[in-house]
Amino acid sequence: MRIDAHVLEAHLASIYSRHNGPVSFVDETYRFSSHPNEWPFYVMTGSTVRVEDLAKVRNDIGQIAGGNFWHTTDAFQERRHGDIRALLRYIAGTSSQTYVFTSDIKDARSLEDARRQCFLQLLADLASQGSGLIVFEKRRDRVQTNLDVSLIQAAKKEGLISRDIRVVPGTPAAESLLWLPDAGSWALRRLIAADESSWFRLLKDEYRAIDASPEKEKKPEPAAAKGPGSEAPVGHKGEGESRSSLQSITQGPDNVQSIFRSLGNQLSPKHSPHAVQSFIRENFSR
């Protein structure tokens, strides 16, 4: 671990020691590609853990990972499927997941706005669940991290998120609990981008799904099922993966959204996506 990670770890530990109530950890996944059949989307994931359970969960996921490093994409490429399944099952039993989604992405600039839309809606929802402390994985670029900080400050001033919540940037090297939203985001990405539902099913129904797409805004309807549909085995022999019964996402961006909206536990965003979109344009237009 680098020295700066040690310093950040100590800083976070000090914050935890003075905090009562749930703590949420935030990461994201997205796709923005020039390939005509790879429709864009952005998802931010919040994993919420009771503050008194932080040390135990941190120790447990370290044992699952077999060390002090974890990145689900790397684990998948290394064919550590059993470890991924074990982590997702563990997450289902120890933390709740909140997913905020948008597919309203047209170019690089709107990609950043999609992050802002998802981030603000996620922060508002996590706060409504009682999370007064939120740790998000900061981006490597200092300028981008500053954009996130500016967004949070402006949203508090506007009243979109409570002034009382504390939102702190962190890194997986300093806080392994950021592995939770990393794995949760990865599982949902496999469903949306690869049409594989078995990973996400390991989370059972311990999640909340919020569509924050302003261009396709509607009130979510109650879902009849708890998961993303029936399955049929596919993939390499021995992988045990499966595809959802939904149509291929290559048919268009609306189908990317339909996959997300097929999930159970659909909730309305805390703020109108159009209102948040207007706030973003007024405060962060170039």
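Hey, can you grab everything whose amide H is under 5 Å from the amide H of Ser96? Only 5+ residues off in sequence or another chain; H modelled, so Pro and N-termini drop out.
Result for Ser96 returns Thr48.
For the pair Lys156 and Asn37, how long in nm is the line joining their label points, each one 7 Å along Cα→Cβ?
4.7 nm
Between their Cα atoms, which of Lys56/Lys138; Lys106/Lys270; Lys138/Lys270; Lys56/Lys270; Lys156/Lys204 are more than 27 Å away from each other?
Violating the 27 Å limit, Cα to Cα: Lys56/Lys270; Lys156/Lys204.
Around Pro172, what is the net charge, scoring Lys/Arg as +1 and Asp/Glu as -1 over all other residues with Cβ under 9 Å from its Cβ? Could you put the intermediate results ahead of the total?
Numbers: positive: none; negative: Asp27, Glu137, Glu175, Asp182.
Summing Lys and Arg as +1 and Asp and Glu as -1 gives -4.
By how many nm would the segment from Glu282 to Ser14 grow when fully extended, if each residue of separation counts as 0.36 nm and the alpha-carbon distance is taken off?
Gain on extension, Glu282 to Ser14, equals 92.9 nm.
Could you please state, rounded to a whole Å, how far the C-alpha centre of the range 108-172 is from the C-alpha centre of the range 42-75?
One Cα centre to the other: 20 Å.
Just to verify a number: FRET efficiency for His6 and His274, C-beta to C-beta distance, R0 = 41 Å, to 0.05?
My answer for the efficiency is 0.40.
Relative to the compact-globule scaling 2.2 N^0.38 Å, provide the ratio for the alpha-carbon radius of gyration of the range 88-142.
Cα-based Rg divided by the globular estimate yields 1.35.
So, counting K/R as plus one and D/E as minus one, what does the shell of residues with Cβ under 11 Å around Leu160 add up to?
+4
Values quoted throughout were computed directly from the atomic coordinates according to the rules given, and no laboratory measurement underlies them. Predicted, not measured: the structure shown is a model, and the values here were computed from it. Glycine also receives a Cβ, built like all others from the backbone with ideal geometry; neighbour counts cover every protein chain displayed.
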